[in-house]
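K.L.:
Got a structure here, written out as C-alpha cells. Questions coming.
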Amino acid sequence: MTGFTSLEIAVLAAIGSSQNVLHALLDTANVTERENTGHGFYTSFSVDRRLPPVQMPHRQIDGPIAHMNNMGDGMIMGFILWLDDGYPDCLEGFQYSDNQGNTVDLETRDLTTLNFTRLEPLPPSP
C-alpha cells in the first residue's frame, strides 16, 4: 500500500483480514486522490485489476470503529470501503462525535497526523 496514512493502513488491514482476495487487492493499492470534507475524508486509490475481484453482494464493506486521540474525549470515527465492480477503490472515513456531541473541523488538520488508540469491529446491527 503506497501513500496511505497510518490510520488508513490500519483500517484497510482490519477490513482486508476477513478475505484473502480482498487482502491481496489491498496489498497492491496506491493512493490517487484524498479529499478532506471537514467531517471526514475520501481516499481514492487504484488496485491491480489483473487480480480477481471480490465477490460481494453489496458495493460497500463497513469497516471498524477507531477510537481517536486529540479530537475530543470519546471521539470515534467510522469507515466504509467502497468497491467498483468488485475492486476496492475508495476508503471513506467519518466522525461520529465525542462524549459531548461535538465534532472537529478536519479541514484545519493534517489528515496524516490523525492518531488512534485502538480499532474495534463495528457492532452488528439489530
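K.L.:
Any residue at all in segment 72-83 that's under 30 Å from Ala24 (Cβ atoms) and in contact with a His (Cβ under 7 Å, 6 or more places away or on another chain)?
P.N.:
Here is the first cut: in segment 72-83, the residues under 30 Å from Ala24 (Cβ atoms) are 76-83.
Cutting the leftovers down to in contact with a His (Cβ under 7 Å, 6 or more places away or on another chain) gives us 76.
Yes.
Residue-by-condition table, conditions (1) touching a Leu at 6+ places or on another chain (Cβ under 7 Å); (2) modelled with pLDDT of 95 or more; (3) closer than 17 Å to Phe4 by Cβ; (4) in a loop (DSSP other than H, G, I, E, B):
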{"site": "Phe41", "(1), (2), (3), (4)": "yes, yes, yes, no"}
{"site": "Arg50", "(1), (2), (3), (4)": "no, yes, no, yes"}
{"site": "His67", "(1), (2), (3), (4)": "no, yes, no, no"}
{"site": "Met71", "(1), (2), (3), (4)": "no, no, no, yes"}
{"site": "Leu81", "(1), (2), (3), (4)": "yes, yes, yes, no"}
{"site": "Gly93", "(1), (2), (3), (4)": "no, yes, yes, no"}
{"site": "Asp98", "(1), (2), (3), (4)": "no, no, no, yes"}
{"site": "Gly101", "(1), (2), (3), (4)": "no, no, no, yes"}
{"site": "Thr117", "(1), (2), (3), (4)": "no, yes, no, no"}
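K.L.:
Continuing with the same structure: Exactly one of (1) in contact with an Asp or Glu (Cβ under 7 Å, 6 or more places away or on another chain); (2) modelled with pLDDT under 95 is unmet by Thr113. Its number?
P.N.:
That leaves (1) as the condition not met.
K.L.:
Please find, within segment 11-22, the residue that is nearest to Leu106 (Cα to Cα) out of those that are surrounded by 15 or more Cβ atoms within 10 Å (Cβ to Cβ) and of a type outside the set (A, V, I, L, M, F, W, C).
P.N.:
Checked segment 11-22; the qualifying residue nearest to Leu106 (Cα to Cα) is Gly16.
K.L.:
Within segment 5-28, does at least one residue satisfy the condition of being in a loop (DSSP other than H, G, I, E, B) and closer than 23 Å to Ser97 by Cα?
P.N.:
Going residue by residue through segment 5-28, those that are in a loop (DSSP other than H, G, I, E, B) are 5, 17-19, 28.
Then keep just the ones that are closer than 23 Å to Ser97 by Cα; that gives 5.
Checking segment 5-28: at least one residue is in a loop (DSSP other than H, G, I, E, B) and closer than 23 Å to Ser97 by Cα.
K.L.:
Can you work out which of the residues in segment 34-65 that are among the charged types (D, E, K, R) and under 14 Å from the mean Cα position of the chain (by Cα) is surrounded by the most Cβ atoms within 10 Å (Cβ to Cβ)?
P.N.:
Only one residue fits best here, namely Arg34.
K.L.:
Being touching a residue at least 12 places away in the same chain (Cβ under 8 Å), within 21 Å of Asn20 (Cβ to Cβ) and either surrounded by fewer than 18 Cβ atoms within 10 Å (Cβ to Cβ) or in contact with a Phe, Trp or Tyr (Cβ under 7 Å, 6 or more places away or on another chain) (or both), is that true of even one residue in segment 105-117?
P.N.:
Taking every residue of segment 105-117 in turn, none turns out to be touching a residue at least 12 places away in the same chain (Cβ under 8 Å), within 21 Å of Asn20 (Cβ to Cβ) and either surrounded by fewer than 18 Cβ atoms within 10 Å (Cβ to Cβ) or in contact with a Phe, Trp or Tyr (Cβ under 7 Å, 6 or more places away or on another chain) (or both).
K.L.:
If you check Ile80 against the conditions, is it closer than 16 Å to Gly40 by Cβ, under 13 Å from the mean Cα position of the chain (by Cα) and β-branched (Val, Ile, Thr)? If you could, list the steps in order and put the result at the bottom.
P.N.:
Working: closer than 16 Å to Gly40 by Cβ: yes; under 13 Å from the mean Cα position of the chain (by Cα): yes; β-branched (Val, Ile, Thr): yes.
So Ile80 fits the description; yes.
The values are calculated or read from the model by the stated rules, or taken from the named source; none is laboratory data. None of these values were measured; they are calculated from a predicted model. Note that each Cβ is placed from the backbone with ideal geometry, even for glycine, and that neighbours are counted across all protein chains shown.
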